[in-house]
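Undergrad: Please see the structure below; I have some questions.
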Amino acid sequence: MNKLFQFAYSKLRGIRVYALVGRSGTGKSHHSKQVAAKHKIDLIIDDGLLIKGDRILAGHSAKEDPNFLTAVRTAVFDDPEHKNEVEDALLKQRFRRILIIGTSEKMIFKITKRLNLPEPEKIIHIEEISSPEDIELAMRIRFTEGKHVIPVPPIEITRSAPQIVYDSLKVFLGRAKNGKVQTSEKTIVRPEFSRPAKDDISEAQLTQMVKHAIGEYDAVIKVKKVRGVKTPDSSYAIYVTLLLPIRHYMSTSISDLQDYISECLEKYGGILVKRVTIEIEEWG
């Protein structure tokens, strides 16, 4: 029985996919266990990891990767070996509900497609479960201190990447029917790719990041020029000139592309993006 047949069968069994979506640094991983507990979700996919309870079943975290490019590929299961490992682990699990965490709905749909999972039936945005004050605090910590959360205990991370472990925290999940307090331990990490930069990012670095994000989004579009302007609040205004073949049809809007570039730079480049301005030149 091949994988596609098995996943088609899993859809008939009623596997339900949930998604938790929000900008980088808004606290999605921090809130993931509460969301899973509320909706009785069995498995979580977060930044390249397949998680069940407090255990990592398969994959490796994008937060273990040394740079922006490999982190982006890991998060969306671009590497065939990584993808197959997680697919095989999913096939071995008896589950009814799975939560996928991502910075955009586009990212969620890309992951479900690559892992042959059904499209999400419920998309939860971080703003629905976290206050504006908490989101602002989480983003400030992310972009000033470079701290991320992985929703498993530190022992699960130290086995493969002890160098990124920074601290741990316990989160209250509620009370069981017997009155027992339920908590979840999470790991605070500081990946190399998100450590606060001492110097301004170079135009070459910025161009490389934008080119990779565009390549992930639509391989036909080419990047002609990238310019970044640092604003007084230390965020960046990004100006991008793209080359688009005359006969090429973009399946999504320019605003979706702007959001995707912003999300990639924030999540894996550690850059707080104020805005992305796109100019398109046709060629061919």
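The values are calculated or read from the model by the stated rules, or taken from the named source; none is laboratory data. Since the structure is predicted, the reported quantities are computational estimates derived from the model, not experimental observations. Because the Cβ atoms are built from the backbone with ideal geometry, glycine has one as well, and the counts that use them run over all protein chains shown.
Undergrad: From Val226, Val220, which residue is crowded, with 19+ Cβ neighbours inside 10 Å and either part of a helix (DSSP H, G or I) or not acidic (Asp, Glu) (or both)?
TA: Val226
Undergrad: Starting from residues that are of a type in the set (Lys, Arg) and not in a helix (DSSP H, G or I), keep the ones in the stretch 23-72 and report whichever is surrounded by the most Cβ atoms within 10 Å (Cβ to Cβ).
TA: Arg23
Undergrad: In the stretch 91-114, what residues are aliphatic (A, V, I, L, M) and touching a Leu at 6+ places or on another chain (Cβ under 7 Å)?
TA: Ile98, Leu99, Ile101
Undergrad: If you don't mind, another one. Looking at the stretch 65-91, I want the residues that are closer than 16 Å to Met107 by Cα and of a type in the set (Phe, Trp, Tyr) and have a partner that is at pLDDT 95 or above and assigned to a helix (DSSP H, G or I) with Cβ atoms under 6 Å, at least 6 apart or on another chain. Which pairs are those?
TA: Pairs found: Phe77/Lys83.
Undergrad: Can you find, within the stretch 264-284, the residue that is surrounded by the most Cβ atoms within 10 Å (Cβ to Cβ) among those that are assigned to a loop (DSSP other than H, G, I, E, B) and of a type in the set (A, V, I, L, M, F, W, C)? Spell out the reasoning first.
TA: From the stretch 264-284, those assigned to a loop (DSSP other than H, G, I, E, B) are 270-272, 284; that's our starting set.
Next cut, of a type in the set (A, V, I, L, M, F, W, C) only: 271-272.
Working: Ile271: 25, Leu272: 21.
Here the residue is Ile271.
Undergrad: Taking Glu263 as the residue in question, decide whether it is at negative phi and under 16 Å from the mean Cα position of the chain (by Cα).
TA: yes
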